[in-house]
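**Q** Sharing a structure here in structure tokens format.
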Amino acid sequence: MNGRDIALFAARIADEKKGTDIVCYNLKGMSDITDYLVIVTAHSKAQIRAIVESIHKELKQLGVRKIGREGSETGQWILLDYADCVIHVFSPQLREYYGLESVWGDAPKLEWQREAAALPATGTEGRA
């Protein structure tokens, strides 16, 4: 999977886990750090963990390996780094505080809701 596929797949998984305000940015040519950025809001520490663990588990099953994880100690924000795609799952307060949309808001957005249907099934459909 390339960075774009990872971003769309992660957005779909976050949506299945009831993440909100999901945004995917195409940062190609704008960032030396990553090509795609996914930002998700979760409304509890448990939901943050559930979203992150689901993304990690499903991508690992597809053979995609993360190169880093940050923020786990506080439970208010977790970052997953897949090199070509970085995923942030924030509490509402920390998302507002860090304001990543104000930094990257001029970057093109990926329309993940339309494109996600073409991606492999996550294996979580039909689960409560």
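**Q** Anything in segment 57-96 that is touching a His at 6+ places or on another chain (Cβ under 7 Å) and charged (D, E, K, R)? List them, or say none.
**A** If the condition is that a residue be touching a His at 6+ places or on another chain (Cβ under 7 Å) and charged (D, E, K, R), then 66 is the only one that fits.
**Q** Something else about it: Which of the numbered conditions does residue 40 fail, given that it passes all the others? Conditions: (1) touching a Gly at 6+ places or on another chain (Cβ under 8 Å); (2) assigned to a strand (DSSP E or B); (3) more than 17 Å from residue 103 (Cβ to Cβ).
**A** (3)
**Q** Within segment 51-106, restricting attention to residues that are touching a Leu at 6+ places or on another chain (Cβ under 9 Å), in a helix (DSSP H, G or I) and hydrophobic (A, V, I, L, M, F, W, C), which residue is farthest from residue 16 (Cα to Cα)?
**A** The residue in question is 104.
**Q** If you go through segment 1-30 one residue at a time, how many are over 9 Å from the mean Cα position of the chain (by Cα) and among the hydrophobic types (A, V, I, L, M, F, W, C)?
**A** 3
**Q** Here is a further query. With the structure loaded, tell me whether residue 93 is touching a residue at least 40 places away in the same chain (Cβ under 8 Å), loosely packed, with under 13 Cβ neighbours inside 10 Å and more than 12 Å from the chain's Cα centre (by Cα) or whether it fails that test. Can you show your working first?
**A** Numbers: touching a residue at least 40 places away in the same chain (Cβ under 8 Å): no; loosely packed, with under 13 Cβ neighbours inside 10 Å: yes; more than 12 Å from the chain's Cα centre (by Cα): yes.
Spelling it out, it is not the case that residue 93 is touching a residue at least 40 places away in the same chain (Cβ under 8 Å), loosely packed, with under 13 Cβ neighbours inside 10 Å and more than 12 Å from the chain's Cα centre (by Cα).
**Q** Starting from residues that are farther than 18 Å from residue 85 by Cα, out of contact with any Lys or Arg (no Cβ under 9 Å at 6 or more places or on another chain) and not polar (S, T, N, Q), keep the ones in segment 20-47 and report whichever is surrounded by the fewest Cβ atoms within 10 Å (Cβ to Cβ).
**A** If we take residues in segment 20-47 being farther than 18 Å from residue 85 by Cα, out of contact with any Lys or Arg (no Cβ under 9 Å at 6 or more places or on another chain) and not polar (S, T, N, Q), then 46 is surrounded by the fewest Cβ atoms within 10 Å (Cβ to Cβ).
**Q** Working carefully through the options 6, 67, 13, 51, find the one that is closer than 25 Å to residue 107 by Cα, in contact with a Phe, Trp or Tyr (Cβ under 8 Å, 6 or more places away or on another chain) and surrounded by 19 or more Cβ atoms within 10 Å (Cβ to Cβ). Write out each step before concluding.
**A** Numbers: 67 fails: surrounded by 19 or more Cβ atoms within 10 Å (Cβ to Cβ); 13 fails: in contact with a Phe, Trp or Tyr (Cβ under 8 Å, 6 or more places away or on another chain); 51 fails: in contact with a Phe, Trp or Tyr (Cβ under 8 Å, 6 or more places away or on another chain).
One residue alone meets the criteria, 6.
None of the figures in this text is laboratory data; all of them are computed from the coordinates on show. Treat the numbers as computed from the prediction; the structure is a model and nothing was measured. Cβ coordinates were reconstructed from backbone atoms using ideal geometry, including for glycine residues, and neighbour counts include every protein chain displayed.
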